[in-house]
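The block underneath contains the structure these notes are about, expressed in structure tokens.
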Protein chains: 2
Amino acid sequence: MSNDRLIFVTNDDGYQSKGFRAAVNLAREFGRVIAIAPERVQSGMSQAITITSPLFLRCVERSEELEIYAFSGTPVDCSKVAFDHLLVGRKVDLVISGINHGSNAAINVMYSGTMGAAIEGSLYNVPAIGLSIDDHDADADFEGAVEYGRKIIAAVLASTDMLPRPLCLNVNVPRCRAEEIAGIRLSRQTRGFWREEFYERTDPHGRGYFWLTGAFQNAEPEAEDTDEWALRHRFVSVVPVQTDMTDYKMLKALDGVL
Amino acid sequence: MSNDRLIFVTNDDGYQSKGFRAAVNLAREFGRVIAIAPERVQSGMSQAITITSPLFLRCVERSEELEIYAFSGTPVDCSKVAFDHLLVGRKVDLVISGINHGSNAAINVMYSGTMGAAIEGSLYNVPAIGLSIDDHDADADFEGAVEYGRKIIAAVLASTDMLPRPLCLNVNVPRCRAEEIAGIRLSRQTRGFWREEFYERTDPHGRGYFWLTGAFQNAEPEAEDTDEWALRHRFVSVVPVQTDMTDYKMLKALDGVL
């Protein structure tokens, strides 16, 4: 373990989740760790920020090599309070967000609080890795995610000065035993979208309610360079993520229309 | 007004906001309107979705030409319940999200609930326009936004069959009187990020709290093809938005590293 390095860890499942603890333990192999996670589960919080209410930061564990905080805000708020408050003036070597319970491949990257926090960290010019497994079970097996997460973290830290910034990786690990994983595969985000089936019921007071439940529609199931393809074939998918959402092709199509 | 058209309107400031009412009235010029907005202010909610709790939908106004609903979820939840529940089987011609109180230019597109809902709508293959003004005042002057919003809506509806899908426009209107607006300018998203200054105070019970307050750092203030430049020069900026977040340049840089 290199004590020279400082790793920031966050997630979206809350500071008590099994995945967060696994990420903290993994990060500890690479240096000192400061971790801030939401007080409560914040799945699907995307890049959300808290504007209209105050936020509370609470230390839940502290030793020389490790500090863990719970924060009342969103995952992105956690990254913001880390870099613009707690870690100001300190060199941070890496952001790890996760380990998320559930895949953030394809368009899930846009809904994901895990990836929201990773993206936000990368905007502070620190390499960021969002690490997720394709398994929603609260007691999911993290062995493969830890093994391949370790390889990817080591590779990024070894190449950190050679890679441009911002650098943000969306890493997804298939749902299988570690020894069944076929390897690491650089991928692009699969095209597709979610279609919801609203679960409709009536509450005890007679009010109808909805609950979101849907299925991902893969628009290119045969494309072998995508993250969904990689996961289905038991590869760990790695998609580098950027934040320019401009549709440059559409810019040309709109010329003359507007 | 064409009664053949059906327009879906949503926003992130809640169904009672002045901007939402302005968007509904503007949409009414182009057809029948079904509008669903959050029960409460949902600024900064990004692409967030509600997974872990039930959602309630409530009709607040209904006539032959106009239906308005309040929904207990996020802006994206509003788009989802519209297209996967309320409007299933009906042809929708346009999504209008807004009018938002505050600019969604540059990286704000990622934090914005207004744009989250617009993007979500575009994923249902319906042209979507997120409309915002660079003014946070709850009683902001929407005259310019309405005038230029009207022009852009008319142009999109007139060209709807010629333009590829998904089609999502991030439209931002400068803070000035309508007659001072210099025109419409197709732009790309400005590079830059927010740096926060956490406002720190102590609550009545002695607990310290934080409140997010920051400033946008424009990484390319001189670039004349950006949305921030357009707004500063009193143009209405129009940025087409896409959802592939893959960093293709970084994919090449990572080849050999991973």
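The values are calculated or read from the model by the stated rules, or taken from the named source; none is laboratory data. Remember, it's a predicted structure, so these values are computed and weren't measured experimentally. Heads up, the Cβs are rebuilt from the backbone with ideal geometry, glycines too, and the neighbour counts pull from every protein chain shown.
Does the range B:85-129 hold any residues that are among the charged types (D, E, K, R) and either free of Cβ contacts under 8 Å to residues at least 12 places away in the same chain or surrounded by fewer than 24 Cβ atoms within 10 Å (Cβ to Cβ) (or both), and which are they? Let's see the steps before the verdict.
Initially, the range B:85-129 is screened for residues among the charged types (D, E, K, R), giving B:90-91, B:93, B:120.
The answer is B:ARG90, B:LYS91, B:ASP93.
Step by step: first the residues of the range B:202-216, then only those that are within 10 Å of another protein chain (Cβ to nearest Cβ) and either of a type in the set (Asp, Glu) or in contact with a Phe, Trp or Tyr (Cβ under 6 Å, 6 or more places away or on another chain) (or both), then the one that is farthest from A:LEU87 (Cα to Cα). Which residue is that? It would help to see each step written out before you state the result.
Taking the range B:202-216 first, the residues within 10 Å of another protein chain (Cβ to nearest Cβ) are B:203, B:207-214.
From the residues that got through so far, the ones that are either of a type in the set (Asp, Glu) or in contact with a Phe, Trp or Tyr (Cβ under 6 Å, 6 or more places away or on another chain) (or both) too are B:203, B:209-211, B:213-214.
Details: B:ASP203: 24, B:TYR209: 17, B:PHE210: 15, B:TRP211: 17, B:THR213: 17, B:GLY214: 17 Å.
Per the stated criteria, the residue is B:ASP203.
Of these, B:SER79, B:SER132, which one is modelled with pLDDT of 95 or more and either closer than 21 Å to B:ASN218 by Cβ or part of a loop (DSSP other than H, G, I, E, B) (or both)?
Details: B:SER79 fails: either closer than 21 Å to B:ASN218 by Cβ or part of a loop (DSSP other than H, G, I, E, B) (or both).
Among B:SER79, B:SER132, only B:SER132 is modelled with pLDDT of 95 or more and either closer than 21 Å to B:ASN218 by Cβ or part of a loop (DSSP other than H, G, I, E, B) (or both).
Any residue that is small (Gly, Ala, Ser), more than 26 Å from B:ASN218 (Cα to Cα) and buried (at least 22 other Cβ atoms within 10 Å of the Cβ) - is there at least one of those in the range B:171-189?
Within the range B:171-189, not a single residue is small (Gly, Ala, Ser), more than 26 Å from B:ASN218 (Cα to Cα) and buried (at least 22 other Cβ atoms within 10 Å of the Cβ).
Does the range B:203-258 hold any residues that are loosely packed, with under 12 Cβ neighbours inside 10 Å and of a type in the set (S, T, N, Q), and which are they?
Of everything in the range B:203-258, just one residue is loosely packed, with under 12 Cβ neighbours inside 10 Å and of a type in the set (S, T, N, Q), namely B:THR213.
Residues A:SER103, A:SER79: which one is under 30 Å from B:TYR124 (Cβ atoms) and hydroxyl-bearing (Ser, Thr, Tyr)?
Numbers: A:SER79 fails: under 30 Å from B:TYR124 (Cβ atoms).
Going through A:SER103, A:SER79 in turn, just one is under 30 Å from B:TYR124 (Cβ atoms) and hydroxyl-bearing (Ser, Thr, Tyr): A:SER103.
Select from the range A:154-168 the residues that are touching a residue at least 60 places away in the same chain (Cβ under 8 Å) and part of a loop (DSSP other than H, G, I, E, B) and list them in ascending order. Please lay out each step first, then the result.
Going residue by residue through the range A:154-168, those that are touching a residue at least 60 places away in the same chain (Cβ under 8 Å) are A:154, A:156-157, A:160, A:166-168.
Selection gives A:THR160, A:PRO166, A:LEU167.
Of everything in the range A:21-42, what is touching a residue at least 40 places away in the same chain (Cβ under 8 Å), in contact with a Ser or Thr (Cβ under 8 Å, 6 or more places away or on another chain) and buried (at least 23 other Cβ atoms within 10 Å of the Cβ)? Give them in sequence order.
Across the range A:21-42, the qualifying residues are A:ALA23, A:ILE36, A:ALA37, A:PRO38, A:GLN42.
Identify the residue in the range A:17-72 that is away from every other protein chain (no Cβ under 13 Å) and among the basic types (Lys, Arg) and, among all such residues, is farthest from the chain's Cα centre (by Cα).
Result: A:ARG62.
Would you check which residues across the range B:217-234 are of a type in the set (D, E, K, R) and either within 12 Å of another protein chain (Cβ to nearest Cβ) or in contact (Cβ under 8 Å) with a residue 60 or more places away in the chain (or both) and list them?
Here is the first cut: in the range B:217-234, the ones of a type in the set (D, E, K, R) are B:220, B:222, B:224-225, B:227-228, B:232, B:234.
Residues satisfying the conditions are B:GLU220, B:ASP225, B:ASP227, B:GLU228, B:ARG234.
So the check is Cβ under 7 Å with 6+ separation or different chains; which pairs have a first residue in the range A:235-255 that's over 23 Å from B:ILE107 (Cβ atoms) and more than 7 Å from chain B (Cβ to nearest Cβ) and a second one that's assigned to a helix (DSSP H, G or I) and of a type in the set (Ser, Thr, Tyr)?
Pairs that qualify, where the first residue is over 23 Å from B:ILE107 (Cβ atoms) and more than 7 Å from chain B (Cβ to nearest Cβ) and the partner is assigned to a helix (DSSP H, G or I) and of a type in the set (Ser, Thr, Tyr), are A:VAL236/A:TYR148.
Taking the range A:148-164, which residues are within 12 Å of A:PRO127 (Cα to Cα), more than 7 Å from chain B (Cβ to nearest Cβ) and either of a type in the set (Ser, Thr, Tyr) or in contact with a Cys (Cβ under 7 Å, 6 or more places away or on another chain) (or both)?
A:THR160
Check off (1) surrounded by fewer than 21 Cβ atoms within 10 Å (Cβ to Cβ); (2) more than 14 Å from the chain's Cα centre (by Cα) for A:GLY14 and give me the number that stays unchecked.
The number of the failed condition is (2).
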